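Novice: A single structure is presented below for examination.
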Amino acid sequence: TDVTRDYVEALEARGLTHLLVGGKAFHEREEVDALRTALTAIEWTDDALSVFATLRGPFFAVSEEELLAWHALGHGFRPHHVPEDAPAALAAVAEALSTLAELSRLRNARPVAETIGRLLEATRAHVGFVLWRGGEQVLANVLQIAELARRFEADGGLSFRGFVDELREAADRAPAPEAPILEEGTDGVRLMTVHKAKGLEFPVVILADIGCRMS
């Protein structure tokens, strides 16, 4: 159980700048899971479940009604097989599938981070994520995935599929910290363990539920 999550969500709900020092919930965040699913759909365009989840998710946000109507026509969620005679009322579905197809087609011809950037640009996701609760942290986490992609290629990573596989394995492996959005010396609430706070000085210190392990 992540005992810090309730505190983080309360701070986010009130718009209070904060940093979870050593937090390990990065891969469990909704925005990170959504981007991981979208990259999976770009690599494996025949994975109908990942494609559907990407269309329904925060990047394209296509309504369930439109997706069900598209499926009822027998088209299926196949980015490389978008019919030219798709109904105008379902243009959002066709455009989203075409975007995934274009990203998939050129995924190995450009850096992974560029593909991520093009996905964010095509869906205007920067604006959408910033409007989420705790939007600054949400966007920082998404951009950290792009940074991980740059490191992957700098370390010799050769393919888009290799990065997606590594990202999925990392989610199943040891937890990772969220992207930092506070710099040293700036105002904000820092959440950390007593051990990490040793040797540091703060004007106000709150011991949150110090007896939780005893009750």
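Novice: With unit charges on the beta carbon (Lys/Arg positive, Asp/Glu negative), name the residue among Leu16, Val189, Trp70 whose Cα is farthest towards the positive pole of the charge dipole of the chain.
Specialist: Val189
Novice: First check a/c for the chain, with a ≥ b ≥ c the square roots of the eigenvalues of its C-alpha gyration tensor; if it is under 1.5, answer rounded, and if not, answer prolate when a/b is larger than b/c or oblate otherwise. Numbers along the way, then the final one.
Specialist: Numbers: a/c = 2.53, a/b = 1.92, b/c = 1.32.
It is prolate, given that a/c is not under 1.5 and a/b is the larger ratio.
Novice: If the only charges are +1 at each Lys and Arg Cβ and -1 at each Asp and Glu Cβ, what is the size of the charge dipole of the range 60-173 around the Cα centre, to the nearest 20 debye?
Specialist: The dipole of the range 60-173 has a size of about 260 debye.
Novice: Say we join alpha carbon atoms closer than 10 Å with springs in a Gaussian network model of the chain; which of Arg110, Arg190, Arg14 then has the biggest fluctuation?
Specialist: The residue with the greatest mean-square fluctuation here is Arg14.
Novice: If you don't mind, there's one more thing I want to ask. Treating the Cα atoms of the range 24-136 as identical point scatterers in vacuum, please give the log10 of the normalised Debye intensity I(q)/I(0) at q = 0.11, 0.15, 0.19 Å⁻¹, two decimals.
Specialist: Summing over Cα pairs of the range 24-136 leads to -0.35, -0.64, -1.00.
Novice: How far apart, in nm, are the 7 Å Cα→Cβ label points at Glu9 and Trp44?
Specialist: Placing both labels 7 Å beyond Cα along the Cβ direction yields 3.0 nm.
Novice: Give the ranking of Arg29, Arg168, Arg150 by solvent-accessible surface, highest area first, calculated with a 1.4 Å probe.
Specialist: I get Arg150, Arg168, Arg29, largest accessible area first.
Novice: Once you order the gyration tensor axes a ≥ b ≥ c over the Cα atoms, which shape class does the range 48-102 get: rounded for a/c under 1.5, otherwise prolate or oblate by comparing a/b with b/c?
Specialist: Because its axes are fairly even, with a/c under 1.5, the range 48-102 counts as rounded.
The values are calculated or read from the model by the stated rules, or taken from the named source; none is laboratory data. Since this is a predicted model, take the numbers as computed values, not measurements. Note: ideal-geometry Cβ built from the backbone for every residue, glycine included; neighbour counts use all protein chains shown. Accessible surface areas use protein heavy atoms only, side chains included; no ligands, DNA or RNA. Shrake-Rupley method; radii C 1.70, N 1.55, O 1.52, S 1.80 Å.
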